[in-house]
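All remarks here apply to the structure that follows.
The values are calculated or read from the model by the stated rules, or taken from the named source; none is laboratory data. Predicted model only: the values in this text are computed from it and were never measured. Positions of Cβ are backbone-derived with ideal geometry, glycine not excepted, and every protein chain shown enters the neighbour counts.
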Amino acid sequence: MTMTEGMVGPDALSERDGRLALAVRLPWYRSLPLSCLESVEVAVDGVPTPVCWVRVPGFAGPVQDAWNSEATWDLRDPLDVSLDSEARPGVHALEVSVAVRIPYIQQAPGVALVQRAVVRTEGTLR
């Protein structure tokens, strides 16, 4: 199994208050502190789509505030990603890029590995 397998499932798209939301699974083999989240980037139907906020149990806010969170991104919990895009029913092309810092693997002294994962798939909003 690859790190991206299952990161964005076929039922990952949903609608919240007329906007798109996306459930993203952690592209790593064990849970990580949410403060290790470096970035989340999403394109819907080929258009880069701003991420409004992310949510896991214990944290809801912009990606740039995750570094200060004490929440954990548990393998069992998807990252709930709220997008600045109108929710339109149908099949949508998705490109999701996630970068997480792996604090216990050093690339060089004091430099943690950053795991980057990109998934290109389709999602259906009903």
As an exercise: evaluate PRO10 against (1) modelled with pLDDT of 95 or more; (2) touching a strand residue (DSSP E or B) at 6+ places or on another chain (Cβ under 7 Å) and give the number of the one condition it does not meet. (1)
Considering only segment 86-96, I want to know if a residue exists there that is under 17 Å from the mean Cα position of the chain (by Cα) and closer than 17 Å to PRO33 by Cβ. no
Is it true that GLY46 is modelled with pLDDT of 95 or more, over 20 Å from ALA117 (Cβ atoms) and in contact with a strand residue (DSSP E or B) (Cβ under 9 Å, 6 or more places away or on another chain)? no
Kindly evaluate LEU83 against the criterion of being touching a strand residue (DSSP E or B) at 6+ places or on another chain (Cβ under 8 Å) and closer than 24 Å to ARG19 by Cα. yes
If a residue counts only when it is touching a helix residue (DSSP H, G or I) at 6+ places or on another chain (Cβ under 6 Å), of a type in the set (A, V, I, L, M) and surrounded by 13 or more Cβ atoms within 10 Å (Cβ to Cβ), which strands (runs of 3 or more DSSP E) contained entirely in segment 1-82 have at least 1 such residues? 37-44, 51-56
